Structure formats: structure tokens, C-alpha cells
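Got a structure here, written out as C-alpha cells. Questions coming.
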Amino acid sequence: MLRDITLGQYYQADSVIHRLDPRTKLIMTFVYLISLFIFTDPYVYAAGLLFLVIALAMSRVPIKFMIKGLKPVWLIILLTSLMNIMFTDGEPLFQLWRFKVTAEGLQRAGFMAGRLILLVFGSNLMTLTTTPTRLTNALEALMKPLKFIHFPVHEIAMMMSIALRFIPLLVDETDKIMKAQLARGADFESGNLLKRTKAMVPVLVPLFISAFRRANDLAMAMEARCYHGGEGRTQMKPLKYKGRDYITFLLLVIYLALVVFLGHFLPGILG
Amino acid sequence: MRNEDKKTIEDSRIPLLVADHLVYEYETGSANTVRALDDVSFTIYPGEFIGLIGHTGSGKSTLAETLNALLTPKSGSIYFKGEDVFTKGYDRKKLRSHVGLVFQYPEHQLFEETVFKDVCYGPKNIGMSRKQAELTAYETIKKVGLPDECFYHSPFDLSGGQRRRVAIAGVLAMKPELLVLDEPTAGLDPKGREEILDMIAGLKNEDNMSIVLVSHSMEDVARYADRIMVMDKGKKLFDDVPSEVFAHADELEKIGLAAPAVVSVMHRLKEAGIPVDDRMALTTDEAVSEIMKAFGV
Amino acid sequence: MSLIDIDKLTFEYIRRDEEGGVEGITTAVDDVSLKVHAGEFIAILGANGSGKSTLAKHINAMLLPTEGQVTVEGMDTTDEGLQLKIRKTAGMVFQNPDNQIIGQVVEEDVGFGPENLGVPTEKIIERVKKSLKAVGMYEYRKKDPGRLSGGQKQRVSIASVIAMHPKCIVFDEPTAMLDPGGRKEVIETAKQLNKEGITIILITHYMEEVTEADKVFVMSKGKVAMTGTPREVFSRVPELKELRLTVPEVTDLAWKLKEAGLDIPDGILTEDELVRSIKKEYSIRKN
């Protein structure tokens with residue numbers, strides 16, 4: 001179950017999307033997410049979906065990986081959909097226990113679910129096609145102006161990249177520790193919330209200790225390889241915008257214009 | 001001969017655990033599935049010391065986790081004392097006290113403030129009363145050879161070898177009839193390795209416990225096991241007494257394993273015409289007496 | 001001049017109880033002196049807790065002496081201004097393959113050291129390529145390190161050190177967490193690098209790995225208990241056993257045969273040597 005978290009995992013392939021400058025992808029994802037938040041029009045979602053499908057096809061990431069990424073959030077999607085179905089006023093279609101189910105409710109639930117799925121897919125596509133190192137490089141580059149107000153940009157970027165590198169390791173570790181305690185008769189599944197929380201202590205304590213041990217080892221390994229902060233550091237893969245990035249930006253502008261048209265002007269024209 | 005006519009006796013004993021055509025598959029990151037266990041069957045009898053050998057990825061760790069039903073096979077089953085452990089309603093928690101599993105680097109799973117409390121965790125989980133659990137914990141900590149002053153120490157203050165003993169005690173305290181250990185000596189120094197293995201051999205001899213020792217050290221397995229199972233790519237390749245398994249030196253080498261150096265030396269001596277019986281010697285001591293016999297001393 | 005000069009090194013650390021009060025002082029390294037010359041392959045053996053890893057961490061200024069002095073190419077490790085240069089000269093490969101890989105992609109990890117040293121971009125790419133080729137991991141340059149085997153991960157770690165162009169690499173129990181196949185990969189790589197001129201200091205408790213070393217130091221309780229060539233050290237079987245170490249099985253068998261009265265030379269290291277000397281002894285006795 002824990003292994004299903006794909007967020008922050010990289011899928012290796014050689015595609016245009018993979019080769020795009022991470023800053024481009026970061027900005028693109030950001031704009032994409034915002035567009036989904038601002039507008040609640042079905043046409044915008046259709047455009048969003050189209051955009052995503054094209055990007056996904058170009059990225060050569062198997063759709064299986066995208067769907068896998070939904071696993072940790074499907075409960076949230078289900079809950080929000082249910083809430084929308086049950087608490088939206090309007091023309092009642094039928095009665096479900098105490099709640100009236102309305103056409104508006106179903107529609108809103110559908111929108112909500114669609115939006116969430118697009119959100120998750122969009123951000124997953126970015127993390128699946130960008131190595132965390134490149135992603136943090138991009139963040140560092142985009143946040144560079146903040147250095148003037150003494151914001152520790154490099155340090156934060158480094159922290160993020162290390163966190164991302166260690167997430168899969170710690171997930172594996174959790175799995176292993178849980179199994180080991182199960183072998184000692186632990187029971188994580190029965191009892192009330194309090195009992196279950198207490199049952200997690202034998203997993204959490206070793207997990208924390210292991211995380212500290214790893215952090216310690218890693219700090220040593222970094223020091224041994226002459227790490228001394230961002231000062232005087234060069235980059236193996238410095239970020240450089242190329243032709244494909246400019247084309248992407250152009251496409252992004254077109255997408256934005258389309259979305260604004262669909263979401264803002266079209267409803268007006270249609271009356 | 002070592003165990004030559006043991007087989008006929010074996011068949012009349014009551015099996016402790018039967019693994020019946022186990023198949024286990026898992027998915028790797030990309031699209032392909034890997035068969036970690038490919039039609040594996042065997043029987044474990046009470047009091048046996050089995051060495052389970054294979055290199056990383058051979059399926060030996062998967063097999064270990066299937067024996068106490070932590071993993072459910074795709075097909076095939078495990079019968080513990082005649083009962084199918086994968087049927088609905090079978091008490092797997094209870095099974096885990098009968099089939100103890102010690103993971104690799106078990107000391108990484110310690111969590112209590114004191115050694116004593118940590119060892120009590122398993123017994124309490126399987127429903128022993130507090131008094132009973134504490135009594136068992138006390139006996140077990142003694143049994144694994146830890147000094148009295150350790151009892152109320154934090155397990156994190158002990159040396160690596162001692163911590164590992166505490167962790168093994170944590171499983172032993174559930175009084176298993178079959179103990180499965182996944183590379184229990186990894187990372188220890190030579191003396192530490194020997195001490196842990198001697199302790200495990202003692203469990204077999206004194207308590208008639210069945211042992212499955214998962215290892216990639218042929219030397220360790222040769223010294224302690226009555227029987228060796230060799231795994232490769234999910235399949236059981238050999239399952240026999242050590243001397244018979246080591247006779248397949250070429251096949252072992254092909255899958256990246258080597259017979260112990262002693263066995264290889266004896267084999268070469270025999271080929272050179274020195275009258276030694278190369279199947280008689282698995283350890284250095286046995287080799288010395290066999291060579292000295294050939295010299296007529 | 002020797003490359004590494006450890007002079008009367010003592011390292012003590014203070015043990016504290018849970019409240020932070022001083023419980024006692026442990027001397028992890030106790031008055032150790034040794035010299036390593038450029039191009040040598042040195043092995044440091046010792047049981048767990050013998051102080052060998054603590055000693056190793058002094059060589060690249062990860063730890064600083066309580067007493068005594070450690071110099072690398074004449075640079076004193078206590079001189080803070082020289083620490084980066086020292087770490088670049090004496091690289092280090094650690095025990096746990098998972099906890100020393102920083103990059104998410106093999107080549108990014110190898111580039112980490114040169115980036116820290118401020119090497120220009122094109123030169124980094126060149127170095128990464130050469131280093132990965134040196135350890136035979138070039139085809140894996142785009143892979144996720146998490147999906148490699150233990151031995152492969154360690155080879156990536158070695159490449160990451162080579163990319164800093166060190167004169168010497170300290171291997172701190174690089175094989176303790178590997179299976180026999182992985183152990184072989186790492187040791188073969190270390191030997192190969194030594195042939196190409198890099199000084200190797202290998203810390204281990206696997207005797208089989210040090211049979212080809214130029215010199216072996218055996219540590220016990222923070223002190224150097226034995227020094228010599230592998231053959232010299234391995235001929236002292238009872239002493240080694242007393243230090244919680246064992247000798248390779250072949251050496252052990254040879255020693256036991258000698259004890260039993262056969263005329264077998266001391267410090268046998270390989271199967272070939274042993275078989276040859278038994279055969280010789282047999283033909284002498286039978287004729």
C-alpha cells in the first residue's frame with residue numbers, strides 16, 4: 001500500500017517532455033493547476049484534459065503510472081464527491097436515505113472529481129518526467145530573487161532534493177518494519193483508533209531511529225565529498241532554455257488564451 | 001557416511017511444515033512481473049537445521065516471508081502441522097508464534113526503552129499473561145547469552161552483536177517450533193558471526209527446534225546445516241545433505257555460488273590421486289582428519 | 001614523503017547518559033602511528049569496535065585528533081582552511097550503499113563532488129564519464145540508483161569519489177552489507193584502481209579481501225596489534241583468533257594441518273598454494 005505513492009518518483013524515458021527545462025515544466029504545471037482552479041467550466045476541463053493527454057502521450061509515461069498516482073488521493077476524491085452529491089441544493093432526482101440527490105449535485109461532484117484527477121495527473125506528470133534534482137534546481141533558479149531578502153534558497157532546495165531521494169527508501173523501510181513487527185504478533189488492523197495508533201509505536205520508533213541514522217550517514221557522505229553549501233558551487237547540468245522550451249511557452253500562452261476564452265468569454269457569448 | 005541412510009527414517013516422521021507448489025510473483029517498477037517463487041515444494045521435519053542458500057534476488061527472502069504467511073502466494077500453499085495456513089479463518093497471528101521469523105538486521109526493529117520490555121512485546125501480543133510473558137522473556141534473554149545487567153539497559157546502548165541477540169530473543173520468546181532467520185550474521189565480525197550461529201545451533205540441539213538459516217555463506221551453512229536448499233531465480237535447485245549439494249560444484253558455480261574452500265581443496269586433492277574421501281569433509285577439522293588419514297597418520 | 005602520516009593519534013569521545021551528564025570517556029583510537037606511501041594498497045583489519053572506522057575518518061578530516069597529528073600530503077587535518085583540499089585528496093567510500101548516494105540519477109550523483117569543488121560544467125561531464133567507465137557503470141548513468149544491486153551502488157559511490165580526482169581512497173567497510181557477488185565487484189574495482197595508481201586504504205573484517213594487500217594493519221581496542229604483509233599476519237593464526245578475527249578457510253586448514261604434523265609453509269593464502277604443498281608433502285612421504 002505504501003509503495004503506491006508515485007508522487008516524487010521519476011519514470012526514466014527519453015522524451016521531449018523529459019528533456020524540457022525543468023523551469024518550463026514547473027511554470028507550465030503551475031499555470032495548468034491555476035487554470036483548473038480559476039475556472040469551473042466543462043469546456044475548460046475538456047481543454048485541460050486534451051492538454052494533459054497530449055503531454056502524456058509525448059512523455060511516454062505509461063498511463064498505468066498516472067493511475068497508480070491516484071491511489072493515495074482516491075479517498076479524498078470519493079469523499080468530496082459524496083459531500084457534493086449530498087449537500088447541493090436543487091431539483092431532487094431521488095432520495096438517498098436522508099439526502100436528496102440533485103442533478104446539480106451530481107454535476108458538481110463530477111466536476112470536483114474531474115478537477116482533482118486532472119490536478120493529480122498534472123503534478124504527477126511533472127514529477128514523473130523530471131528528476132527531483134532537476135526539479136529542485138528549477139525551484140532554486142526560480143526562487144533566486146528571494147536571495148536578496150536572505151532567504152536560504154540553496155539550502156531549502158538541497159533539503160527538498162534529499163527528502164525526495166529518501167522518501168522511497170523510508171517507504172520501503174516502513175514496509176519492512178511493519179512486517180517484522182507482524183512477525184512478532186503485532187496487530188495493526190483491529191481495535192479502535194486509539195488502539196491502532198498505539199499499535200503503530202513499534203513501527204514509528206524504529207523508523208525515526210533509522211531516519212536519523214540515514215541522515216547522519218548522508219551528512220557525512222556529503223561532507224566527505226566536499227559539500228560546503230551553495231558558495232562556489234558549479235552545476236553539472238546548468239539550466240538553459242532551448243528552442244523546445246520557447247515553443248512550449250508559446251503553446252502555454254495559446255492554452256491560456258484558449259482557457260480564458262472558454263472559461264470567461266464563451267459563457268457570455270452563449271448567454 | 002553423513003546422513004546417508006537418514007532418508008528412510010525421515011519419511012516416517014511427522015512433518016512440521018509442508019510447502020506445496022508455492023508460486024509468488026511481484027511487479028517491479030516497469031511493466032514486467034518477476035517470479036520470486038516458481039513452483040517450490042519441500043517438507044520440514046521437527047529438529048531439522050536447514051540452510052537456505054542463494055544469491056540476492058533468488059527468492060530466498062520471499063520464501064522466508066511466505067513461511068509465516070506474511071506473504072500470500074499466488075498459488076500453492078503452506079501446511080503447518082497438516083493445516084492449510086491460507087484458508088479463511090486460520091489464525092495467522094498464532095502461526096507467527098509457531099513459525100518465528102527473524103529479519104535481516106533485526107536490531108533495527110527494536111523500539112522499547114529496555115531490553116526486557118522489548119523481548120516481552122511478542123509474548124504479550126500472542127496473549128501470554130504479563131507474568132508468563134516476563135518469565136519467558138527472562139529465560140529467553142538468558143538463553144541468547146546476554147548478561148543479567150543488560151536487562152534494564154536501553155537496547156540502543158548495547159554493542160551491535162548484543163543488540164542482535166536482543167532482537168532474536170524477541171522472536172524466540174514467542175516459543176516458535178520453527179525458527180527462520182534471514183541472514184542473521186550480516187554485518188557482524190567473524191567472531192560475532194560464529195557466536196550467533198553457535199547460539200542458533202544450540203537451539204536446535206537443546207530445544208529440538210527446527211531451523212531455517214537463510215544465508216549466502218556456504219561456509220556457515222556447511223558447518224551447521226543437516227540439509228541445504230539452493231534457490232536460483234525462484235526455483236529450488238538442490239535440496240539434499242550438504243555433501244551431496246557440494247558435489248555439484250560446477251552447477252553451483254554457474255549460478256554464482258561456490259562450494260566452501262575446504263570442499264574444493266579436498267576435491268582437488270582427490271583428483272591429484274591422494275586417497276581422501278572428498279564427501280567426508282565439510283569443515284576444516286573434518287578435512288584435517290581426512291587428510292591425515294590419507295597420510296597414514 | 002609519505003602520502004598519509006598518522007603520528008601518535010589518540011581519539012577520545014565523551015559518553016553521556018540520557019540527561020547529558022558525563023558517563024565516561026572512551027578512547028576509540030589509542031596512540032596509533034602509521035604511514036601510507038603513494039600507490040600502496042593498505043588493509044586495516046579489526047573486529048567491530050576495534051577503532052578501525054574511527055581511525056579511517058581521521059584521514060579525511062571527518063574527525064579530528066584529540067592528541068597527535070594526521071597529515072595528508074603534508075596538510076594538517078586540523079587546519080580548517082585545508083579541509084576541502086584534504087577531502088578532495090583522500091576520498092571516502094562508506095559502508096551503507098543507500099546512505100551515501102545523493103543524486104536521484106547515477107550520473108547526477110557522480111557529478112555532486114565536482115560540483116562542490118567548483119569544476120566547470122564541461123569538465124564535470126568529462127569527469128563523470130571517465131569515472132563511471134573506470135568502475136564499469138557507464139551504461140547505468142541514467143538509472144535510478146535505488147534500482148541497482150548493492151555492489152553496483154557501491155561502484156557508483158566509488159565513481160563519485162574518483163570524479164573528485166583523489167590521490168587516495170579510504171574504503172570504510174565497503175562490503176559489510178553486500179552479498180558475495182557484490183563484495184567481489186567492489187574489491188576487484190578497488191584493486192583495479194590501485195593498479196592505475198590510486199592509493200587504497202581498505203578497512204574490513206573479511207580476511208579474504210586483503211590477501212593481495214601490500215601491508216596489513218590489525219587493530220584491537222584502539223591500538224595497532226599486528227603489522228605486516230598478509231602472509232606474515234596470516235601465519236599468526238592463534239593471535240588473530242584472540243583478536244576476534246578469523247583467517248580465510250584455506251589458511252586455517254593449512255595451519256591446522258601444520259599443527260597436526262605436516263610440513264606446510266606458514267601463511268598460505270590461496271587454494272592453489274595449499275593443494276600444491278599438500279601434494280608435495282604427500283609425494284615426499286610416500287616415496
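How many square angstrom of accessible surface are buried between A and C, both sides summed, with a 1.4 Å probe and rounding to 100? Show your work: numbers first, answer last.
On the way: alone 17620 and 14820 Å², together 29310 Å².
When A and C are taken together, about 3100 Å² of accessible area is lost.
Starting from the residue with the highest accessible area, list C:255, A:74 in decreasing order, probe 1.4 Å. Walk me through the numbers before you get to the answer.
Working: C:255 60, A:74 140 Å².
Descending accessible area places them as A:74, C:255.
Pairs of Cα atoms under 8 Å, at least six residues apart: use those to get the relative contact order of the range A:132-239, whole percent. Don't jump to the answer; show the numbers that get you there.
Working: 41 pairs, mean separation 29.9, N = 108.
In percent, rounded to a whole number, it is 28.
Can you compute the charge dipole magnitude of the range C:173-279 about its Cα centre, using +1 on each Lys and Arg Cβ and -1 on each Asp and Glu Cβ, nothing else charged? Give it in debye, rounded to the nearest 20. Intermediate values should be presented prior to the final figure.
Working: 15 positive and 20 negative charges, 65 e Å.
In total the dipole reaches around 300 debye.
To continue, here is another question. Do any GluC sites (Glu not before Pro) in the range B:197-297 lie in a DSSP loop with no more than 13 other beta carbon atoms within 10 Å, and if so, which? Please report the intermediate quantities before stating the final value.
Working: sites: B:206, B:219, B:244, B:251, B:253, B:271, B:286, B:290; in loops: none.
Filter output for the range B:197-297: empty list.
Roughly speaking, what is the stretch gain from residue B:35 to residue B:270, that is 0.36 nm per residue apart minus the C-alpha to C-alpha distance, in nm to one decimal? Before the final figure, lay out each step's value.
Working: separation 235, 0.36 × 235 = 84.60 nm, distance 3.97 nm.
Extra length available between residue B:35 and residue B:270 comes to 80.6 nm.
I need the calculated FRET efficiency for the pair residue C:121 and residue B:154, taking r as the beta carbon distance and R₀ as 41 Å, to the nearest 0.05.
Details: r = 49 Å, r/R0 = 1.20.
After rounding to 0.05, the efficiency reads 0.25.
While we're looking at this one, here's another question. Can you show me the helix-derived [θ] at 222 nm for chain A, built from DSSP H runs with n ≥ 4 at -39,500 (n - 2.57) apiece and divided by the number of residues, rounded to the nearest 500.
-22000 deg cm²/dmol
Going by accessible area, probe 1.4 Å, with all protein chains left in place, what is the ranking of A:188, A:208, largest first?
Numbers: A:188 30, A:208 125 Å².
Result, largest first: A:208, A:188.
Moving on to the next point. Taking Cα centroids, how far is the range B:127-158 from the range B:65-124 in Å?
With the range B:127-158 and the range B:65-124 each reduced to a Cα centre, they are spaced 20 Å.
How would the range C:4-230 be classified by its alpha-carbon gyration tensor: rounded, prolate or oblate, with rounded meaning a/c under 1.5 and the a/b versus b/c comparison settling the rest?
On the way: a/c = 1.58, a/b = 1.45, b/c = 1.09.
Prolate is the answer for the range C:4-230, as a/c is 1.5 or above and a/b outweighs b/c.
Step by step: find N for the range A:132-239, compute 2.2 N^0.38 Å, then divide the Cα radius of gyration by it. What's the final number?
Values: Rg = 19.1 Å, N = 108, 2.2 N^0.38 = 13.0 Å.
Expressed relative to 2.2 N^0.38 Å, the Cα Rg reads 1.47.
For the Cα atoms of chain C, what angle does the longest principal axis make with the long axis of helix C:106-116, in degrees from 0 to 90, nearest 10?
So the inclination is approximately 70 degrees.
Once you order the gyration tensor axes a ≥ b ≥ c over the Cα atoms, which shape class does the range C:136-210 get: rounded for a/c under 1.5, otherwise prolate or oblate by comparing a/b with b/c?
Cα axes put the range C:136-210 in the oblate bin.
With a 1.4 Å probe and every protein chain kept in, tell me what percent of the accessible surface of the range C:198-273 is carbon plus sulfur. Before the final figure, lay out the partial values.
Details: 1390 of 2980 Å².
Carbon plus sulfur share of accessible area: 47 percent.
What accessible area per residue, rounded to a whole number of Å², is obtained for the range C:4-230 using a probe radius of 1.4 Å? Numbers along the way, then the final one.
Working: 8720 Å² over 227 residues.
With the other protein chains kept in place, the range C:4-230 gives 38 Å² per residue.
Can you pull the Kirkwood radius for the range C:248-287, inverse mean 1/r over Cα pairs, to one decimal in Å?
Computed over the range C:248-287, the radius equals 10.0 Å.
May I pose another question? For the range C:1-150, calculate the relative contact order in percent as a whole number, restricting contacts to Cα pairs under 8 Å that are 6 or more residues apart. Present the calculation step by step, with values, prior to reporting the outcome.
Details: 194 pairs, mean separation 28.7, N = 150.
Relative contact order, the range C:1-150: 19 percent.
Any idea what angle helix C:180-195 forms with the longest principal axis of chain C, computed on alpha-carbon atoms, 0 to 90 degrees, nearest 10?
Helix C:180-195 and the main axis of chain C meet at about 80 degrees.
Which value in nm describes the separation of the simple spin-label points at residue C:263 and residue C:191, placed 7 Å from the Cα toward the beta carbon?
That separation, rounded to one decimal, is 3.1 nm.
For chain B, what does the relative contact order come out to in percent, with C-alpha contacts under 8 Å and a separation of six or more? The partial results should precede the final answer.
On the way: 530 pairs, mean separation 63.4, N = 297.
It comes to 21 percent, rounded to a whole number.
Residues of the range C:248-287: accessible area per residue at 1.4 Å, in Å²? Provide the component values of the computation, followed by the final result.
Details: 2020 Å² over 40 residues.
Normalised by residue count, the accessible surface of the range C:248-287 is 51 Å².
Right, another one. At 222 nm, what value in deg cm²/dmol follows for chain B if DSSP H runs of at least 4 each add -39500 (n - 2.57) and the sum is divided by all its residues, to the nearest 500? Please report the intermediate quantities before stating the final value.
Working: 12 runs with 118 residues, N = 297.
It lands at -11500 deg cm²/dmol.
If you take the accessible area of B alone plus C alone and subtract the pair, what total do you get in square angstrom, rounded to 100, with a 1.4 Å probe?
Numbers: alone 14780 and 14820 Å², together 26660 Å².
Adding both sides of the contact gives about 2900 Å².
Which helices count as membrane-span-like in chain A under these terms: full DSSP H, at least 27 Å along the axis by C-alpha, Kyte-Doolittle mean of 0.5 or more?
Correct list, ordered by number: A:103-129, A:153-183, A:201-224.
Another one. I'd like the interface area for chains B and A: accessible area of each alone minus the complex, both sides summed, 1.4 Å probe, protein heavy atoms only. What is it in Å² to the nearest 100? If you can, show how the numbers build up before the last one.
Values: alone 14780 and 17620 Å², together 30570 Å².
Interface between B and A: roughly 1800 Å².
How far apart, in nm, are the 7 Å Cα→Cβ label points at residue A:201 and residue A:91?
Spacing of the two 7 Å Cα→Cβ label points: 5.8 nm.
Follow-up question, since we're still on this one. Can you give me the angle between helix C:150-162 and the longest principal axis of chain C, using Cα atoms only, in degrees from 0 to 90, rounded to the nearest 10?
60
Okay, next question. Which order do you get for C:242, C:249, C:232 if you rank them by accessible area with a 1.4 Å probe, largest at the top? Walk me through the numbers on the way to the answer.
Details: C:242 155, C:249 35, C:232 100 Å².
In descending accessible area the options line up as C:242, C:232, C:249.
Using a 1.4 Å probe on the heavy atoms of the protein chains only, list every residue of the range C:105-130 that has 50 Å² or more less accessible area in the complete assembly than in its chain alone.
Going by heavy-atom accessible area, the residues of the range C:105-130 that drop by at least 50 Å² are C:108, C:112, C:115, C:116, C:121.
Given only helices, namely DSSP H runs of n ≥ 4 each adding -39500 (n - 2.57), what is the per-residue ellipticity at 222 nm of chain C, to the nearest 500 deg cm²/dmol?
Result for chain C: -11000 deg cm²/dmol, rounded to the nearest 500.
Over what distance in Å are the Cα centres of the range A:139-205 and the range B:162-190 separated?
Between the Cα centre of the range A:139-205 and that of the range B:162-190, the gap is 28 Å.
I need the shape label for chain A. Rule: rounded when a/c is under 1.5, else prolate if a/b > b/c, else oblate, with a, b, c from the alpha carbon gyration tensor.
Values: a/c = 2.36, a/b = 1.13, b/c = 2.09.
Oblate is the answer for chain A, as a/c is 1.5 or above yet b/c matches or exceeds a/b.
At R0 = 25 Å, how high is the FRET efficiency between residue B:43 and residue B:244 if r is their beta carbon distance? Nearest 0.05 is fine. Don't jump to the answer; show the numbers that get you there.
Details: r = 17 Å, r/R0 = 0.68.
The formula returns an efficiency of 0.90 here.
Extending each Cα 7 Å along its Cβ direction at residue C:79 and residue B:198, get the distance between those two points in nm, one decimal.
Each label point lies 7 Å from its Cα, and together they span 5.0 nm.
Could you work out the percent of alpha carbon pairs in the protein assembly as shown separated by over 51 Å, rounded to a whole number?
Working: 94193 of 365085 pairs.
Here the tail beyond 51 Å accounts for 26 percent of pairs.
Also, quick follow-up: For residue A:106 and residue A:58, compute 0.36 nm times the residue count separating them, minus their Cα-Cα distance, and round to one decimal in nm. If you can, show how the numbers build up before the last one.
Values: separation 48, 0.36 × 48 = 17.28 nm, distance 3.31 nm.
Full extension of this stretch gives 14.0 nm more.
The values are calculated or read from the model by the stated rules, or taken from the named source; none is laboratory data. Since we're looking at a predicted model, the values are computed, not measured. Every residue, glycine among them, receives a Cβ derived from its backbone with ideal geometry; neighbour counts consider all protein chains shown. Side chains included, ligands, DNA and RNA excluded: accessible areas come from the protein's heavy atoms. Shrake-Rupley method; radii C 1.70, N 1.55, O 1.52, S 1.80 Å.
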